[in-house]
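K.L.:
Dumping the structure here so I can ask a few things about it.
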Amino acid sequence: MIPVNEPLFGDKEKEYLLQCIDEKWISSEGPFVRKFEEAMASFLDVSFGVAVSNGTAALEVALAAIELQPGDEVIMPTFTIISCAIAVTRLGGIPVLVDCEPDTWNMDIKQIENRITQKTKAILPVHIYGHPVDMDPLLDLATKYGLFVIEDAAEAHGAEYKGKKCGALGHIGCFSFYANKIITTGEGGMLVTRDKHLADRSRSIRNLCFGKERRFVHAELGNNFRMSNLQAAVGVAQMERIAEFVQIKRTNAQRYLNLLQGIQGIHLPVEKTWARSIYWMFGVVLDPSCGMEADMLAGKLLEKGIQTRPFFYPLHLQPAYHRLGLFGGESYPVSEEISRYGLYLPSGLALTQGQIEYVGMELRNILSTNTKEIKPSN
Ligand SMILES: *Cc1c(COP(=O)(O)O)cnc(C)c1O
């Protein structure tokens, strides 16, 4: 079986983990947490990193840091993970959705301005599958209307927009270090920012908002979203190789592109001229003319020992939000289509060239057989 993802570890992860045990620093107070925060901040050329327990928590801390109030609106793509919406609704805010672009699968910037109201507090772009969002027009809108920009860069460590790193383009950038992300700490996340006030607020919110004068007197309600020294130790080791990991992702994507280019009935990831994608996951979208949806293709690939994952299911179709009276009757055709016809292929860092060639060959076979099967009826 070729797994959809597998992390890549070396000796350093073991060495730093053993150091935690030997030195008995295992909680969030240990020295690796600061080291990991500094390594991320310096990689992204920002001033502050605030490590947290996961990427979902990073988003929630970010929105609490900008003081999102009940009833405040946050504009985000419907084609994204539920974490983005949960972070908003947990604080009583309202996610306001836009559709995505058919080629990059990122939020369609042209749809944002229409959705801005008196209640809008922030825009939450998500760099889907490692391709940067077109940030300049988005940042212009944010400036024009006085909005915060919280970037979800959980799939985009090392991706670049016009030469600048994703996650460092808005007021706060949010990262995840879940096992399938570009670098991993098992579970983990981080906020990054250039704003000292937002960094200080984020540190406080992740750590129960302990009092400054008197520790157990709390002026605000925070969370325990701390990252442990054990997780950060793995993170520091992973950060030492991040440039190499990004290169592996890009090389693997290029191999897939070479193998799959020109096949009928399938849409491949694009890279805009201003973008440096890290191809976090190599997504493909079937053309509806194939007469095959992604789940059927996934089944056929699985028979050949190839694991895949379906694309995100759009937020506006989530039963959990319909139950709360949100998004009922809303429709975003591009997201609906790619969620039905899209999946991603094995994209892990440990993937071999032989495995990529095997996946490419099997995919080509399935699609050409399928085309032959449906041709006669046309
Ligand atoms: C993985 C991911 C998250 C959530 O991160 P967790 O660490 O799993 O909580 C948030 N946003 C996006 C776009 C992601 O891919």
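K.L.:
Which whole-number percentage describes the relative contact order of region 52-150, with Cα contacts under 8 Å and a sequence gap of 6 or more?
P.N.:
Relative contact order of region 52-150: 27 percent.
K.L.:
State, to one decimal in nm, how far the label point of K12 lies from the label point of D103, with both points 7 Å from Cα in the Cβ direction.
P.N.:
3.7 nm
K.L.:
If you take the alpha carbon radius of gyration of region 83-148 and divide it by 2.2 N^0.38 Å, what ratio comes out, to two decimals? Present the calculation step by step, with values, prior to reporting the outcome.
P.N.:
Working: Rg = 11.9 Å, N = 66, 2.2 N^0.38 = 10.8 Å.
That works out to 1.10 for region 83-148.
K.L.:
Output needed for region 221-378: three equivalent-ellipsoid semi-axes, defined as square roots of 5 times the C-alpha gyration tensor eigenvalues, in descending order, whole Å.
P.N.:
31, 26, 14
K.L.:
For R34 and L324, what does the FRET efficiency come to when R0 = 41 Å and r is the distance between their Cβ atoms, rounded to the nearest 0.05?
P.N.:
0.60
K.L.:
Label points 7 Å out from Cα along the Cβ direction at N224 and Q264: separation in nm?
P.N.:
So the two model labels end up 6.0 nm from each other.
K.L.:
Multiply the residue gap between A350 and D45 by 0.36 nm, knock off their C-alpha separation, and tell me the result in nm, one decimal place. Before the final figure, lay out each step's value.
P.N.:
Values: separation 305, 0.36 × 305 = 109.80 nm, distance 2.81 nm.
Stretched out fully, the A350 to D45 stretch lengthens by 107.0 nm.
K.L.:
In Å and on Cα atoms, what radius of gyration and Dmax does region 298-361 show?
P.N.:
Over region 298-361's Cα set, Rg and Dmax evaluate to 16.3, 49 Å.
K.L.:
Here's something else I'd like to know. How far apart, in nm, are the 7 Å Cα→Cβ label points at W274 and R364?
P.N.:
Label at W274, label at R364, 3.6 nm between them.
K.L.:
Ok, one more. Which residue, A350, A51, A122, has the most motion in a Gaussian network model of the chain that connects Cα atoms within less than 10 Å?
P.N.:
A350
K.L.:
Additional query: Give the Rg (one decimal place) followed by the Dmax (whole number) of the chain, computed from C-alpha coordinates and expressed in Å.
P.N.:
Every Cα atom of the chain included, Rg and Dmax give 21.2, 79 Å.
K.L.:
Springs between alpha-carbon pairs under 10 angstrom, Gaussian network model over the chain: which of D136, D22, D45 fluctuates most?
P.N.:
D22
K.L.:
How high is the relative contact order of the chain, in percent, counting Cα pairs under 8 Å that sit 6 or more residues apart? Kindly include the intermediate steps, with their values, before the conclusion.
P.N.:
On the way: 792 pairs, mean separation 85.6, N = 378.
Relative CO of the chain lands at 23 percent.
K.L.:
Taking 32 Å as the cut-off for C-alpha to C-alpha distance, list the pairs among K12/K212; K144/K181; K24/K212 that go past it.
P.N.:
With Cα atoms farther than 32 Å apart: K12/K212; K144/K181.
K.L.:
Please report the spacing between the Cα centers of region 287-321 and region 40-81 in Å, no decimals.
P.N.:
When both Cα centres are located, 28 Å separates them.
K.L.:
Something else now. Between E23 and Q247, what length in nm is gained on full extension when 0.36 nm per residue of separation is reduced by their alpha carbon distance? Mind showing how you got there, number by number?
P.N.:
Working: separation 224, 0.36 × 224 = 80.64 nm, distance 3.42 nm.
Here the answer is 77.2 nm.
K.L.:
Rank G186, G93, G328 by mean-square fluctuation in a GNM of the chain with C-alpha springs under 10 angstrom and give only the top-ranked residue.
P.N.:
G328
We did not get these values from a lab; they are worked out from the coordinates using the rules stated. Everything numeric in this text was worked out from a predicted model, so none of it was measured. Cβ sites come from the backbone with ideal geometry, for glycine too, and all protein chains shown count toward neighbours.
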